[in-house]
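Read through the structure below, which is laid out as structure tokens, and then see the notes.
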Amino acid sequence: MRTLVLGLGNPILSDDGVGIRVVEAVAEAADEGADVQVETACVGGLRLMEQMIGWDRVILVDAMVSGEEPGTVRVTDPETFPTFHSSCSHDTSLREALELGRSTGMHLPSPQHLRCVAVEAADVHTFSERCTPEVESAIPRAVERVLGLLAVTEGEHATA
């Protein structure tokens, strides 16, 4: 199963860069023999959906701003993506973009093969190449969650 691990965010906006930092660590820790590609992007909506075309399974990693305790790590499905880049005020939501892509016959991961590892952010507006301490301390937990999802076989439901 071809898998894309996609870290989302802006590496110079404090906690918004957590997705990128997590996937950099995943790239170092992941099994080199696995059919896994690790990439980063700073996109949402339709452009994010376009990055998923051709992949059997996608794991997104992003900051979320949902009011939870900063550093909280959650794994969510496409119906409940709470992350910063799953929607965009100048674009459509990721859910709508995926529906559009599937309706036009694009090869996109099925809902059961699409997960998001989300880390609650404390600050996504300050220019900084560092995450806040709470989010920085959550990076190893987020990496573990991604690696757990990668270990799930094709026939299992990915909720690691």
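The values are calculated or read from the model by the stated rules, or taken from the named source; none is laboratory data. Nothing here was measured: the structure is a model prediction, and the numbers come from that model. When we count neighbours, we look across all protein chains shown, and the Cβ atoms used for this are built from the backbone with ideal geometry, even at glycine.
When residues in the range 23-35 are screened for being under 14 Å from the mean Cα position of the chain (by Cα) and either more than 23 Å from Leu13 (Cα to Cα) or part of a strand (DSSP E or B) (or both), 0 of them pass. So which pairs qualify, if the first residue must be in the range 33-52 and under 17 Å from Arg2 (Cα atoms), the second must be buried (at least 17 other Cβ atoms within 10 Å of the Cβ) and at pLDDT below 85, the Cβ gap must be under 6 Å, and the two must be at least 6 apart or on different chains? Sorted first by the residue in the range 33-52, then by its partner, the pairs are Val36/Ala30. Considering only residues in the range 90-117 that are among the small types (Gly, Ala, Ser) and surrounded by 14 or more Cβ atoms within 10 Å (Cβ to Cβ), the one that is nearest to Val75 (Cα to Cα) turns out to be Ser93.
Conditions first: (1) exposed (fewer than 15 other Cβ atoms within 10 Å of the Cβ); (2) at pLDDT 95 or above. Ala29 passes all but one, so which condition is the exception? Exception for Ala29: condition (2).
This table checks each residue for (1) part of a helix (DSSP H, G or I); (2) farther than 22 Å from Ile12 by Cα; (3) touching a Gly at 6+ places or on another chain (Cβ under 6 Å).
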{"site": "Trp55", "(1), (2), (3)": "no, yes, no"}
{"site": "Ser66", "(1), (2), (3)": "no, no, no"}
{"site": "Glu96", "(1), (2), (3)": "yes, yes, no"}
{"site": "Arg102", "(1), (2), (3)": "yes, yes, no"}
{"site": "Gly105", "(1), (2), (3)": "no, yes, no"}
{"site": "Pro109", "(1), (2), (3)": "no, yes, no"}
{"site": "His125", "(1), (2), (3)": "no, no, no"}
{"site": "Val135", "(1), (2), (3)": "yes, no, yes"}
